[in-house]
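Please read the structure below before turning to the comments.
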Amino acid sequence: NAQLLSLQQQNQLEQSRLQYEKCIYQITANFEELSWLRTFTEYIEIDEGCNNLIHVAQGTLPGLRQLVAAEAIYFFGAAESSSLSSAGCPLLFCEGDEFPAESVVQLIVDEAQANGRRQTWVCNSFDEAKPELQNLILTPVRKGESSLGWLVAVNKISPLTNVQDHTAVQWDRNLVEFGTVEAGLVDSMAAMLATQGRNVQLFRDLEELLVGVMRAMINAIDAKDVYTSGHSERVAAMSLKIAQQLGLSELECKHIHMAGLLHDVGKIGIPDNVLGKQGKLTDKEFAVVKLHPVIGYEILKPLDRIRFVLPGVLHHHEAWDGSGYPHGLRAEQIPLQARILAVADSYDAMTSDRPYRRGMPTSKAETILLEGMGSQWDSGVCEAFFAVLGEMQAICNKQPSFMPDMFVHAVPTEMSQAGIT
(Lines give C-alpha, C1' and ligand atoms only; values in the text may rest on other atoms or scores of the structure.)
Protein backbone atom coordinates (compact mmCIF):
# COMPACT_ATOMS: atom_id res chain seq x y z
CA ASN A 1 0.00 0.00 0.00
CA ALA A 2 2.78 2.38 0.84
CA GLN A 3 4.46 1.62 -2.49
CA LEU A 4 1.18 2.19 -4.37
CA LEU A 5 0.64 5.49 -2.53
CA SER A 6 4.15 6.56 -3.44
CA LEU A 7 3.54 5.83 -7.15
CA GLN A 8 0.27 7.80 -7.04
CA GLN A 9 2.05 10.73 -5.43
CA GLN A 10 4.79 10.60 -8.06
CA ASN A 11 2.19 10.59 -10.84
CA GLN A 12 0.41 13.54 -9.25
CA LEU A 13 3.69 15.39 -8.93
CA GLU A 14 4.51 14.64 -12.56
CA GLN A 15 1.09 15.88 -13.68
CA SER A 16 1.49 19.01 -11.57
CA ARG A 17 4.94 19.60 -13.06
CA LEU A 18 3.62 19.25 -16.60
CA GLN A 19 0.73 21.62 -15.87
CA TYR A 20 3.15 24.05 -14.27
CA GLU A 21 5.44 23.95 -17.31
CA LYS A 22 2.45 24.38 -19.61
CA CYS A 23 1.34 27.38 -17.58
CA ILE A 24 4.82 28.91 -17.69
CA TYR A 25 5.02 28.31 -21.45
CA GLN A 26 1.62 29.97 -22.00
CA ILE A 27 2.45 32.93 -19.76
CA THR A 28 5.76 33.40 -21.58
CA ALA A 29 4.01 33.19 -24.96
CA ASN A 30 1.41 35.75 -23.84
CA PHE A 31 4.11 38.08 -22.57
CA GLU A 32 6.03 37.80 -25.84
CA GLU A 33 2.85 38.51 -27.78
CA LEU A 34 2.15 41.62 -25.69
CA SER A 35 5.75 42.77 -26.13
CA TRP A 36 5.47 42.33 -29.88
CA LEU A 37 2.18 44.25 -29.99
CA ARG A 38 3.82 47.07 -28.05
CA THR A 39 6.71 47.09 -30.53
CA PHE A 40 4.24 47.22 -33.39
CA THR A 41 2.46 50.26 -31.97
CA GLU A 42 5.77 52.13 -31.94
CA TYR A 43 5.95 51.72 -35.71
CA ILE A 44 2.41 52.73 -36.61
CA GLU A 45 2.58 56.32 -35.42
CA ILE A 46 1.93 58.58 -38.37
CA ASP A 47 4.28 61.54 -38.60
CA GLU A 48 6.55 63.26 -41.09
CA GLY A 49 9.24 60.63 -40.71
CA CYS A 50 9.83 57.49 -42.71
CA ASN A 51 6.87 55.22 -42.03
CA ASN A 52 6.09 53.16 -45.11
CA LEU A 53 5.03 49.53 -44.94
CA ILE A 54 8.53 48.16 -45.54
CA HIS A 55 9.82 50.23 -42.62
CA VAL A 56 7.04 48.83 -40.40
CA ALA A 57 7.67 45.28 -41.61
CA GLN A 58 11.40 45.54 -40.86
CA GLY A 59 10.63 46.51 -37.29
CA THR A 60 7.84 44.04 -36.54
CA LEU A 61 8.21 40.86 -38.60
CA PRO A 62 11.24 39.60 -36.60
CA GLY A 63 9.06 39.55 -33.48
CA LEU A 64 6.20 37.87 -35.34
CA ARG A 65 8.56 35.19 -36.60
CA GLN A 66 9.56 34.46 -33.01
CA LEU A 67 5.93 34.24 -31.92
CA VAL A 68 4.80 31.80 -34.62
CA ALA A 69 8.17 29.92 -34.57
CA ALA A 70 8.57 30.02 -38.36
CA GLU A 71 11.71 29.38 -40.36
CA ALA A 72 11.00 32.56 -42.32
CA ILE A 73 8.32 35.18 -42.92
CA TYR A 74 7.93 36.86 -46.29
CA PHE A 75 6.22 40.14 -47.13
CA PHE A 76 5.26 40.40 -50.79
CA GLY A 77 3.74 43.44 -52.41
CA ALA A 78 0.64 43.19 -54.58
CA ALA A 79 1.20 42.60 -58.30
CA GLU A 80 0.21 45.41 -60.63
CA SER A 81 -1.89 42.93 -62.61
CA SER A 82 -3.84 39.90 -61.40
CA SER A 83 -2.69 37.92 -64.44
CA LEU A 84 -0.21 35.09 -63.95
CA SER A 85 1.61 36.35 -67.02
CA SER A 86 2.49 39.59 -65.20
CA ALA A 87 5.79 40.25 -63.46
CA GLY A 88 4.33 38.75 -60.29
CA CYS A 89 4.27 39.97 -56.70
CA PRO A 90 7.53 41.68 -55.69
CA LEU A 91 9.29 40.48 -52.53
CA LEU A 92 9.52 43.52 -50.25
CA PHE A 93 11.06 41.99 -47.13
CA CYS A 94 12.07 38.61 -45.74
CA GLU A 95 12.78 37.83 -42.09
CA GLY A 96 14.75 34.60 -41.77
CA ASP A 97 17.64 32.73 -43.32
CA GLU A 98 17.73 32.47 -47.09
CA PHE A 99 16.69 29.03 -48.28
CA PRO A 100 15.45 27.45 -51.53
CA ALA A 101 11.75 27.78 -50.62
CA GLU A 102 11.72 31.44 -51.73
CA SER A 103 11.10 30.62 -55.39
CA VAL A 104 8.37 28.13 -54.44
CA VAL A 105 6.69 30.65 -52.13
CA GLN A 106 6.85 33.24 -54.93
CA LEU A 107 4.86 30.93 -57.21
CA ILE A 108 2.28 30.24 -54.50
CA VAL A 109 1.81 33.96 -53.81
CA ASP A 110 1.52 34.77 -57.53
CA GLU A 111 -1.16 32.09 -57.89
CA ALA A 112 -3.05 33.42 -54.85
CA GLN A 113 -2.92 36.91 -56.37
CA ALA A 114 -4.19 35.63 -59.73
CA ASN A 115 -7.04 33.72 -58.09
CA GLY A 116 -8.05 36.70 -55.97
CA ARG A 117 -7.64 34.85 -52.66
CA ARG A 118 -9.14 36.89 -49.82
CA GLN A 119 -8.86 34.50 -46.85
CA THR A 120 -5.98 33.19 -44.76
CA TRP A 121 -4.74 29.79 -45.92
CA VAL A 122 -2.95 27.27 -43.70
CA CYS A 123 -1.35 24.20 -45.26
CA ASN A 124 0.55 21.66 -43.15
CA SER A 125 1.37 19.19 -45.93
CA PHE A 126 2.91 19.56 -49.37
CA ASP A 127 3.55 16.98 -52.06
CA GLU A 128 6.98 15.72 -52.93
CA ALA A 129 7.25 18.28 -55.71
CA LYS A 130 7.84 20.93 -53.04
CA PRO A 131 10.42 19.35 -50.71
CA GLU A 132 11.52 22.77 -49.40
CA LEU A 133 8.10 23.36 -47.82
CA GLN A 134 6.78 21.51 -44.79
CA ASN A 135 3.97 23.90 -43.94
CA LEU A 136 2.83 27.44 -44.59
CA ILE A 137 0.49 30.26 -43.57
CA LEU A 138 -0.50 32.69 -46.33
CA THR A 139 -2.72 35.71 -45.72
CA PRO A 140 -3.59 38.71 -47.90
CA VAL A 141 -2.84 42.23 -46.74
CA ARG A 142 -6.03 43.99 -47.80
CA LYS A 143 -7.96 47.13 -46.97
CA GLY A 144 -11.45 46.95 -48.40
CA GLU A 145 -11.10 46.16 -52.09
CA SER A 146 -7.47 47.27 -52.20
CA SER A 147 -4.75 44.60 -52.14
CA LEU A 148 -1.50 45.80 -50.57
CA GLY A 149 0.37 42.51 -50.54
CA TRP A 150 0.84 39.13 -48.86
CA LEU A 151 2.31 37.75 -45.64
CA VAL A 152 3.67 34.21 -45.69
CA ALA A 153 5.03 32.25 -42.70
CA VAL A 154 7.01 29.21 -43.79
CA ASN A 155 8.03 25.96 -42.01
CA LYS A 156 6.99 25.65 -38.38
CA ILE A 157 9.84 25.09 -35.93
CA SER A 158 9.49 23.03 -32.76
CA PRO A 159 8.60 25.19 -29.71
CA LEU A 160 11.60 23.63 -27.96
CA THR A 161 13.92 24.88 -30.70
CA ASN A 162 15.65 28.26 -30.59
CA VAL A 163 14.33 30.03 -33.69
CA GLN A 164 17.63 31.90 -34.07
CA ASP A 165 19.71 28.71 -34.09
CA HIS A 166 17.35 25.96 -35.23
CA THR A 167 19.86 24.38 -37.62
CA ALA A 168 21.86 23.07 -34.68
CA VAL A 169 18.90 21.04 -33.36
CA GLN A 170 17.38 17.91 -34.85
CA TRP A 171 13.59 17.63 -35.04
CA ASP A 172 10.88 15.96 -37.06
CA ARG A 173 9.18 18.77 -38.99
CA ASN A 174 6.30 16.52 -39.96
CA LEU A 175 5.24 16.46 -36.31
CA VAL A 176 5.17 20.26 -36.03
CA GLU A 177 2.23 22.12 -37.56
CA PHE A 178 0.89 25.65 -37.79
CA GLY A 179 -2.40 26.03 -35.90
CA THR A 180 -5.14 28.56 -35.39
CA VAL A 181 -3.04 30.58 -32.91
CA GLU A 182 -0.23 31.13 -35.42
CA ALA A 183 -2.69 31.79 -38.22
CA GLY A 184 -4.51 34.32 -36.05
CA LEU A 185 -1.27 36.18 -35.28
CA VAL A 186 -0.25 36.37 -38.95
CA ASP A 187 -3.76 37.45 -39.89
CA SER A 188 -3.71 40.16 -37.21
CA MET A 189 -0.38 41.39 -38.50
CA ALA A 190 -1.77 41.56 -42.03
CA ALA A 191 -4.81 43.51 -40.83
CA MET A 192 -2.62 46.01 -38.97
CA LEU A 193 -0.30 46.39 -41.96
CA ALA A 194 -3.31 47.05 -44.17
CA THR A 195 -4.59 49.70 -41.78
CA GLN A 196 -1.16 51.26 -41.61
CA GLY A 197 -0.93 51.23 -45.40
CA ARG A 198 -4.22 53.08 -45.62
CA ASN A 199 -3.08 55.58 -42.99
CA VAL A 200 0.17 56.20 -44.85
CA GLN A 201 -1.79 56.83 -48.05
CA LEU A 202 -4.09 59.28 -46.27
CA PHE A 203 -1.05 61.04 -44.83
CA ARG A 204 0.49 61.32 -48.29
CA ASP A 205 -2.78 62.70 -49.66
CA LEU A 206 -2.73 65.35 -46.93
CA GLU A 207 0.88 66.15 -47.78
CA GLU A 208 -0.02 66.59 -51.44
CA LEU A 209 -2.87 68.90 -50.46
CA LEU A 210 -0.51 70.87 -48.23
CA VAL A 211 2.04 71.18 -51.03
CA GLY A 212 -0.74 72.36 -53.31
CA VAL A 213 -1.73 75.08 -50.83
CA MET A 214 1.92 76.12 -50.55
CA ARG A 215 2.25 76.33 -54.31
CA ALA A 216 -0.89 78.46 -54.46
CA MET A 217 0.65 80.86 -51.91
CA ILE A 218 3.89 81.04 -53.89
CA ASN A 219 1.96 81.70 -57.11
CA ALA A 220 0.09 84.49 -55.33
CA ILE A 221 3.43 86.10 -54.39
CA ASP A 222 4.76 85.72 -57.95
CA ALA A 223 1.59 87.25 -59.36
CA LYS A 224 1.99 90.20 -57.00
CA ASP A 225 5.70 90.75 -57.76
CA VAL A 226 6.66 89.38 -61.18
CA TYR A 227 10.28 90.49 -60.74
CA THR A 228 10.81 87.99 -57.89
CA SER A 229 9.14 85.11 -59.74
CA GLY A 230 11.03 81.92 -58.92
CA HIS A 231 12.82 83.48 -55.94
CA SER A 232 11.14 81.26 -53.35
CA GLU A 233 11.89 78.07 -55.29
CA ARG A 234 15.55 79.03 -55.65
CA VAL A 235 15.91 79.95 -51.98
CA ALA A 236 14.26 76.65 -51.02
CA ALA A 237 16.58 74.67 -53.30
CA MET A 238 19.72 76.42 -52.01
CA SER A 239 18.62 76.11 -48.38
CA LEU A 240 18.10 72.38 -48.89
CA LYS A 241 21.64 71.98 -50.26
CA ILE A 242 23.10 73.92 -47.33
CA ALA A 243 21.14 71.85 -44.80
CA GLN A 244 22.34 68.62 -46.41
CA GLN A 245 25.93 69.90 -46.36
CA LEU A 246 25.57 70.65 -42.65
CA GLY A 247 24.54 67.02 -42.09
CA LEU A 248 21.02 67.72 -40.91
CA SER A 249 18.49 64.87 -40.85
CA GLU A 250 16.24 64.11 -43.79
CA LEU A 251 13.25 65.46 -41.88
CA GLU A 252 15.06 68.70 -40.93
CA CYS A 253 16.12 69.17 -44.55
CA LYS A 254 12.52 68.71 -45.66
CA HIS A 255 11.32 71.30 -43.14
CA ILE A 256 13.96 73.80 -44.25
CA HIS A 257 13.03 73.32 -47.89
CA MET A 258 9.36 74.01 -47.11
CA ALA A 259 10.33 77.04 -45.05
CA GLY A 260 12.29 78.32 -48.04
CA LEU A 261 9.25 77.99 -50.25
CA LEU A 262 7.12 80.00 -47.81
CA HIS A 263 9.65 82.45 -46.35
CA ASP A 264 8.29 85.44 -48.30
CA VAL A 265 4.58 84.66 -48.09
CA GLY A 266 4.14 87.82 -45.99
CA LYS A 267 4.78 89.95 -49.07
CA ILE A 268 1.14 89.31 -49.94
CA GLY A 269 0.39 91.96 -47.32
CA ILE A 270 2.80 94.58 -48.72
CA PRO A 271 1.18 97.26 -50.94
CA ASP A 272 1.94 96.88 -54.66
CA ASN A 273 3.24 100.43 -54.98
CA VAL A 274 5.90 99.65 -52.38
CA LEU A 275 6.78 96.11 -53.41
CA GLY A 276 7.20 96.96 -57.09
CA LYS A 277 8.60 100.48 -56.76
CA GLN A 278 11.14 101.26 -59.47
CA GLY A 279 13.51 103.27 -57.37
CA LYS A 280 14.95 103.72 -53.93
CA LEU A 281 12.54 103.12 -51.06
CA THR A 282 11.93 105.85 -48.54
CA ASP A 283 12.50 105.08 -44.87
CA LYS A 284 8.76 104.80 -44.38
CA GLU A 285 8.38 102.42 -47.33
CA PHE A 286 11.33 100.32 -46.16
CA ALA A 287 9.68 100.04 -42.74
CA VAL A 288 6.59 98.63 -44.48
CA VAL A 289 8.70 96.06 -46.38
CA LYS A 290 10.31 94.98 -43.10
CA LEU A 291 6.87 93.88 -41.88
CA HIS A 292 6.68 90.95 -44.29
CA PRO A 293 8.28 88.35 -41.94
CA VAL A 294 5.72 89.14 -39.22
CA ILE A 295 2.86 89.17 -41.73
CA GLY A 296 3.99 85.79 -43.08
CA TYR A 297 4.23 84.41 -39.55
CA GLU A 298 0.68 85.52 -38.76
CA ILE A 299 -0.64 84.04 -42.03
CA LEU A 300 0.93 80.63 -41.39
CA LYS A 301 0.57 80.39 -37.61
CA PRO A 302 -2.96 78.87 -37.68
CA LEU A 303 -1.74 76.00 -39.91
CA ASP A 304 -0.66 73.44 -37.31
CA ARG A 305 0.66 70.97 -39.90
CA ILE A 306 3.39 73.38 -41.00
CA ARG A 307 4.26 75.15 -37.77
CA PHE A 308 7.83 73.96 -38.29
CA VAL A 309 8.33 76.66 -40.97
CA LEU A 310 7.53 79.53 -38.59
CA PRO A 311 11.07 80.11 -37.21
CA GLY A 312 12.44 80.53 -40.74
CA VAL A 313 9.58 82.68 -41.96
CA LEU A 314 9.78 85.03 -38.95
CA HIS A 315 13.55 85.32 -38.55
CA HIS A 316 15.14 84.97 -42.00
CA HIS A 317 16.11 88.68 -41.94
CA GLU A 318 17.82 88.57 -38.54
CA ALA A 319 21.59 89.24 -38.59
CA TRP A 320 24.34 87.40 -36.72
CA ASP A 321 25.45 90.66 -35.06
CA GLY A 322 21.91 91.58 -33.95
CA SER A 323 21.34 94.32 -36.53
CA GLY A 324 18.55 92.48 -38.36
CA TYR A 325 14.78 92.44 -37.97
CA PRO A 326 12.08 91.97 -36.75
CA HIS A 327 13.41 91.17 -33.24
CA GLY A 328 17.11 92.01 -33.42
CA LEU A 329 18.18 88.48 -32.44
CA ARG A 330 21.90 87.75 -32.50
CA ALA A 331 24.15 84.74 -33.04
CA GLU A 332 22.62 81.44 -31.96
CA GLN A 333 19.50 83.15 -30.65
CA ILE A 334 18.51 83.02 -34.32
CA PRO A 335 17.03 79.60 -35.20
CA LEU A 336 19.30 77.54 -37.45
CA GLN A 337 16.53 77.28 -40.02
CA ALA A 338 16.45 81.08 -40.29
CA ARG A 339 20.26 81.35 -40.45
CA ILE A 340 20.31 78.98 -43.41
CA LEU A 341 17.48 80.81 -45.18
CA ALA A 342 19.23 84.14 -44.59
CA VAL A 343 22.31 83.10 -46.58
CA ALA A 344 20.33 81.57 -49.46
CA ASP A 345 17.87 84.48 -49.52
CA SER A 346 20.60 87.09 -49.57
CA TYR A 347 22.61 85.39 -52.31
CA ASP A 348 19.56 85.06 -54.56
CA ALA A 349 18.46 88.61 -53.80
CA MET A 350 21.87 90.00 -54.72
CA THR A 351 22.15 88.02 -57.96
CA SER A 352 18.56 88.52 -59.14
CA ASP A 353 17.11 91.38 -61.15
CA ARG A 354 14.80 93.78 -59.34
CA PRO A 355 12.64 96.70 -60.56
CA TYR A 356 15.30 99.17 -59.33
CA ARG A 357 18.55 97.42 -60.41
CA ARG A 358 20.10 94.50 -62.21
CA GLY A 359 21.38 91.51 -60.30
CA MET A 360 25.08 91.72 -59.49
CA PRO A 361 27.60 89.15 -60.77
CA THR A 362 27.81 86.00 -58.63
CA SER A 363 31.47 86.70 -57.89
CA LYS A 364 30.59 90.03 -56.28
CA ALA A 365 27.74 88.47 -54.25
CA GLU A 366 30.14 85.78 -53.06
CA THR A 367 32.66 88.42 -51.99
CA ILE A 368 29.95 90.18 -49.97
CA LEU A 369 29.01 86.90 -48.29
CA LEU A 370 32.67 86.28 -47.39
CA GLU A 371 33.03 89.77 -45.95
CA GLY A 372 29.81 89.37 -43.96
CA MET A 373 30.69 86.04 -42.34
CA GLY A 374 30.46 86.42 -38.58
CA SER A 375 28.71 89.78 -38.76
CA GLN A 376 25.75 89.60 -41.14
CA TRP A 377 25.63 85.81 -41.51
CA ASP A 378 26.49 82.66 -39.57
CA SER A 379 30.06 81.63 -40.52
CA GLY A 380 29.26 77.92 -40.31
CA VAL A 381 26.31 78.27 -42.66
CA CYS A 382 28.41 80.35 -45.08
CA GLU A 383 31.11 77.69 -45.08
CA ALA A 384 28.50 75.06 -45.95
CA PHE A 385 27.27 77.38 -48.74
CA PHE A 386 30.73 77.75 -50.25
CA ALA A 387 31.35 74.01 -49.98
CA VAL A 388 28.56 73.51 -52.55
CA LEU A 389 29.08 76.78 -54.42
CA GLY A 390 28.82 75.17 -57.84
CA GLU A 391 25.36 73.89 -57.05
CA MET A 392 24.33 77.30 -55.69
CA GLN A 393 25.42 79.00 -58.92
CA ALA A 394 23.58 76.39 -61.01
CA ILE A 395 20.37 77.02 -59.07
CA CYS A 396 20.62 80.78 -59.54
CA ASN A 397 21.45 80.48 -63.24
CA LYS A 398 18.08 78.84 -63.85
CA GLN A 399 16.31 82.14 -63.24
CA PRO A 400 14.91 84.00 -66.28
CA SER A 401 16.03 87.55 -66.95
CA PHE A 402 13.00 89.79 -67.19
CA MET A 403 14.64 93.12 -66.33
CA PRO A 404 14.29 95.61 -69.23
CA ASP A 405 17.15 98.10 -69.51
CA MET A 406 14.80 101.00 -68.94
CA PHE A 407 14.04 99.75 -65.42
CA VAL A 408 17.66 99.55 -64.26
CA HIS A 409 18.35 101.91 -61.34
CA ALA A 410 21.13 102.19 -58.84
CA VAL A 411 20.56 100.59 -55.48
CA PRO A 412 22.35 101.47 -52.23
CA THR A 413 25.14 98.99 -51.39
CA GLU A 414 23.81 98.44 -47.87
CA MET A 415 20.50 97.14 -49.24
CA SER A 416 22.27 94.63 -51.45
CA GLN A 417 24.43 93.45 -48.60
CA ALA A 418 21.43 93.01 -46.33
CA GLY A 419 19.65 90.95 -48.96
CA ILE A 420 16.48 93.06 -48.89
CA THR A 421 13.98 91.61 -51.36
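The values are calculated or read from the model by the stated rules, or taken from the named source; none is laboratory data. The structure presented is a predicted model; accordingly, all values stated were derived computationally and were not measured. Quick reminder, even Gly has a Cβ in these numbers, built from the backbone with ideal geometry, and neighbours come from all protein chains shown. Protein only, heavy atoms only, side chains kept; ligands, DNA and RNA dropped before computing areas. Shrake-Rupley method; radii C 1.70, N 1.55, O 1.52, S 1.80 Å.
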Item to complete: Leaving ligands, DNA and RNA out of it, work out the accessible area of Thr367 with a 1.4 Å probe and give it in Å² to the nearest 10.
Response: 70
Worksheet item: In the full protein assembly as shown, how much of Val154 is accessible to a 1.4 Å probe, in Å² to the nearest 10?
Response: 0
Worksheet entry | Approximate spin-label separation Ser188-Val288, in nm, with each point projected 7 Å along Cα-to-Cβ | 6.6
Practice prompt. Compare Glu145, Glu371 by solvent-accessible area with a 1.4 Å probe and give them largest first, with all protein chains kept in place.
Written response: Glu145, Glu371
Worksheet, complete the sentence: For Phe386, the accessible surface traced by a 1.4 Å probe with all protein chains present amounts, in square angstrom to the nearest 10, to 50
Discussion item. Report the gain in length on full extension from Ser363 to Asp127: 0.36 nm times residue separation, minus Cα-Cα distance, nm rounded to one decimal.
Written reply: 77.4 nm
Response to the item:
With a ≥ b ≥ c from the Cα gyration tensor eigenvalues, square-rooted, and the rule rounded for a/c under 1.5, otherwise prolate when a/b > b/c and oblate otherwise, the range 254-403 is rounded
Worksheet item: Between Val211 and Gln58, what FRET efficiency follows from the Cβ-Cβ distance if R0 is 22 Å, with the result rounded to 0.05?
Response: 0.20
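Calculate, in nm to one decimal, what Leu107 and Val274 gain on full extension: separation in residues at 0.36 nm each, minus their alpha carbon distance. Please report the intermediate quantities before stating the final value.
On the way: separation 167, 0.36 × 167 = 60.12 nm, distance 6.89 nm.
The Leu107-Val274 span can extend by a further 53.2 nm.
Please find the FRET efficiency linking Gln9 to Thr195, where r is the Cβ-Cβ separation and R0 is fixed at 56 Å, and quote it to the nearest 0.05. Please report the intermediate quantities before stating the final value.
Numbers: r = 54 Å, r/R0 = 0.96.
For R0 = 56 Å, the calculated efficiency reads 0.55.
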Worksheet, complete the sentence: Whole-Hz Karplus couplings 3J(HN,Hα) for the range 145-153, θ = phi - 60° and coefficients 6.51, -1.76, 1.60, Gly and Pro as x, run 8, 8, 9, 9, x, 9, 10, 9, 9
Practice prompt. Multiply the residue gap between Lys143 and His327 by 0.36 nm, knock off their C-alpha separation, and tell me the result in nm, one decimal place.
Written response: 61.2 nm
Item to complete: Provide the FRET efficiency to the nearest 0.05 for the Arg204-Thr180 pair, computing r from the beta carbons and using R0 = 30 Å.
Response: 0.25
